[in-house]
Amino acid sequence: MHNKTLGIIGGTGMLGRAIADAALISGLLSPDRLLISNRSGAGTFGPKVQVLADNQRLVALSDMIVLSIRPEQFRELTINARGKTVVSLMAGVPASLICVATGADRVIRAMPNAAVQICQSYTPWFSAGALDEDDRQFVQQMFECVGTADEVPNEDCIDYLCALSGTGPALPALLYKALVSQAVIAGIPEAIAQRAAHGVVVGGGQLLADNDPLQMLETLMAYRGVTAAALQSMTDQHIESIIGNAVLQGADLARKGM
C-alpha cells in the first residue's frame, strides 16, 4: 500500500471510476488516500474517499493528479498543479500543452481502454518529465490494477497506440459486424450468423489468451484446410495494409490534436 494521495478529476466516469475502484480493491491505496472530483461533488464511494466539486482543492490535497476527462473538457479545466505530477488519460492532447495549461512539473500520458471495466486493459504510458523510481513504480502498479501496462519510449508511441490498443473492443466489434453481415448475404439466418460470429470473436479471443497467436496461424496455414483458404484470401487482399492504414488514420488524428 502506497502513502501517496491520488486525486482523479472526472473520477466518476468510466475510466476514472474503474481505476479508483481497482486501486482500492487491490490495496494499492487506502480510501483516505483517494480523492475524486466531478461537477456535482457526489459519488457512491466509501465514506473515507473524499468526493469534491472543487478541482483545485483536489489538486492541493493530492500528490498525483489523474485527468480522466474528455479532450473538449480539458479546454475548460483551470487548475494550478505546479510541483505536482499530472497523469492524462486524454487522447490527442500533447504533454507540452498539458504542462503549459496546468503548470505541472511532470506530465504522464497514458491510454487505457474500455477493458478497464473487467481489469483487462492494456495501458501504454509515457512520462514527459523525470520520474523518481517511487513514482514510476506507482504509475505502473496503478495501471496494472486494471490489466497490463508498459512505459513506452516516446510520446509518439502513445498517439499511435491510441488508435491501436486504445480502441479496446472496437476492432473486434467491427470484425463481428462484417462476419454477421456477410453470412446473412450468403443465406445464413441472422440469429445463427450472430451466434457464429460471436463464437469467432469472443470464443476465439479467449482461446488466444492461452496460446501464441502467430504459432496458431502457422499451424492453421500448414493444415491447408478451409481456415487456411480463408486466411490466404485475406492475406492476398492485403489485410495487414488495410489494418495498418486504419490505425494510422486514427494516430494521425491523435497527433494533430482532438
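The values are calculated or read from the model by the stated rules, or taken from the named source; none is laboratory data. What you see is a predicted model; the values in this text were computed from it and never measured. Ideal geometry is used to build each Cβ from the backbone, glycine not excepted, and the neighbour counts take in all protein chains shown. For the accessible areas, the whole protein counts, side chains as well, though only heavy atoms, and no ligand, DNA or RNA atoms are used. Shrake-Rupley method; radii C 1.70, N 1.55, O 1.52, S 1.80 Å.
Among the residues of the stretch 1-31, those that are over 21 Å from SER88 (Cα atoms), at pLDDT 95 or above and either open to solvent by 60 Å² or more (accessible area, probe 1.4 Å) or β-branched (Val, Ile, Thr) (or both) comprise ILE25, SER26.
Residues that are farther than 18 Å from GLN140 by Cβ and under 15 Å from the mean Cα position of the chain (by Cα), at least 1 per element: which helices (runs of 4 or more DSSP H) completely within the stretch 12-112 meet that?
The qualifying helices (runs of 4 or more DSSP H) are 14-26, 71-74.
Restricting the stretch 108-126 to residues that are touching a Gly at 6+ places or on another chain (Cβ under 6 Å) and aliphatic (A, V, I, L, M) leaves a set whose member that is nearest to VAL59 (Cα to Cα) is MET111. Within the stretch 75-118, the set of residues being of a type outside the set (A, V, I, L, M, F, W, C) and either crowded, with 22+ Cβ neighbours inside 10 Å or outside the structural domain of ALA23 (by the TED database) (or both) comprises THR85, SER88, THR102, ARG109, PRO112, ASN113.
Count of the stretch 187-232 residues, restricted to those that are loosely packed, with under 10 Cβ neighbours inside 10 Å, among the polar types (S, T, N, Q) and at pLDDT 95 or above, is 1.
Listed by position, the helices (runs of 4 or more DSSP H) contained in the stretch 177-258 that have at least 3 residues being over 28 Å from CYS162 (Cβ atoms) and either touching an Asp or Glu at 6+ places or on another chain (Cβ under 7 Å) or not acidic (Asp, Glu) (or both) are 190-198, 213-223, 226-236.
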